[in-house]
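What follows is one structure encoded as structure tokens, with my remarks underneath.
Readers should treat all values here as calculations from the given coordinates under stated rules, not as data from a laboratory. Please read all numbers here as calculations on a predicted model, not as lab measurements.
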Amino acid sequence: MSKSTTITSAEKTSLFTPRFVIALVLILAGIGWLVFYYVQARGNPLAFPPVEGTPKAVADLGDWNYLIGFGLLMVGLMVSAHPSTPLGRGRGVVVAMLACFLIGLLWICTFYVFSDDLSKLPIFNDLGQWNLVVGIAFMAVGFSFATKWE
């Protein structure tokens, strides 16, 4: 039993297909998780004495929160690369592909430019060398869009 790869004309013209709504929810959940962890659950490790974050269950995950947040964001972007979504067909593919490539490039360049003192850059300061992985992940998602380009 193989899956049907045909896209109906209703899916091609519709803006909010179920797949696109799922992709938007995943992207917004990833961004929301990152913001929530950095602002609330992380606390302030640089304060004296260090301030504990709340809720404790999220704070105890530590740097795994970044994997969860960026993972949701990247999976949401990859789900949106399907031809039944606006980003997966026509000009949307090119826009999303170039946007992912540029975001990845800017992420890595920003990390290298400010690598001497990352304390002023939110999220960058916690990730350290893992910023390279984030930039490369954005570029990898860009390649998933590139495979859909016709």
- Note on the structure: Percent relative contact order for the chain, counting Cα pairs under 8 Å at least six residues apart, stands at 26 percent
- Taking Cα atoms only, helix 91-113 is inclined relative to the longest principal axis of the chain by an angle, in degrees rounded to 10, of 20 degrees
- Task: Could you go through segment 76-88 in sequence order and give the Karplus-derived ³J(HN,Hα) for each residue, using 6.51 cos²θ - 1.76 cosθ + 1.60 with θ = phi - 60°, rounded to whole Hz, and x for Gly and Pro?
- Result: x, 5, 5, 5, 6, 7, 6, x, 7, 10, x, 7, x
- Query: Tell me, what does the Kirkwood hydrodynamic radius of segment 16-146 come to in angstroms if you use every pair of distinct C-alpha atoms?
  - Reply: 15.7 Å
